[in-house]
Amino acid sequence: MEFHEKLQELRKNRGLTQEELAEALYVSRTAISKWESVRGYPSIDSLKEISDYFSVTIDDLLSGEKLLSIMLVVLPLYPNPVDGYIFSVTLLAYTETTSFNRLMYWMMFIALIAVGIVKILLAQFKIEKGHKIMTGSSMGLSILTVLFLAMTREAYAITVAFLLLIIKGILLLKYIKAGNC
C-alpha cells in the first residue's frame, strides 16, 4: 500500500474528513487532497505530524525507504551555477559533475530503491528469511551513499541521504529493542 492509500485509510478509519484532518495537522485541506491523490508529498515536518497524530511510524507511512530514496532523484538537491548564481536542480537535470559521479549516484539510488521494494515484498508476503540480509544491505548502501555524497561535496543530497540513514538507524534500534532481531 502506498503513502496516499495509507493516509486515506487512516483518515477514514478515524471518521475524519480531509478538512478535519487538515485542521488537526495545521495544513490546508488542499494539501491533504494533494497527498491523497498523489499530486504531492508532505514535508518531513508534516510526515512527523501525521505519524504522531495516527500513532504510526514514518516507516509504516512510507512503505520503507523507497520514497525517501526516490527523493534523492526527484528533489532539486544538486547545484547548477548560472551567471554567478547557483540554482538547485534534480538529478535528472544535473550536469555539473563528472560522468562517473552521475553514474555512481544513479547506481546507488536505484540500488536503494530496489532494496526498499524487496523489503516491502518480503513484508507483504510475510517472508522472514531474507529480512536481515535486506536490512543489512539497506544500511550498508545508505552508509556508502552518505560517504560518496560527502566525498563529492553534494551538500543538499548528503543532507537527505544522512537523514534517511538516521531514520533507518532509529527504526532498526526500535526493531532490535522490541526483540524482533
Matching residues, the range 31-41, being among the small types (Gly, Ala, Ser) and within 18 Å of Asp52 (Cα to Cα): Ala31
Top-ranked residue in the range 2-30 [being within 24 Å of the chain's Cα centre (by Cα) and among the polar types (S, T, N, Q); ranked as farthest from Tyr53 (Cα to Cα)]: Thr30
Flag for Tyr41 being among the aromatic types (Phe, Trp, Tyr) and free of Cβ contacts under 8 Å to residues at least 24 places away in the same chain: no
The range 1-46 - residue that is of a type in the set (Val, Ile, Thr) and part of a loop (DSSP other than H, G, I, E, B) and, of those, surrounded by the most Cβ atoms within 10 Å (Cβ to Cβ): Val27
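Values quoted throughout were computed directly from the atomic coordinates according to the rules given, and no laboratory measurement underlies them. In this text the structure is predicted, and so the values were computed from the model without any measurement. Ideal geometry is used to build each Cβ from the backbone, glycine not excepted, and the neighbour counts take in all protein chains shown.
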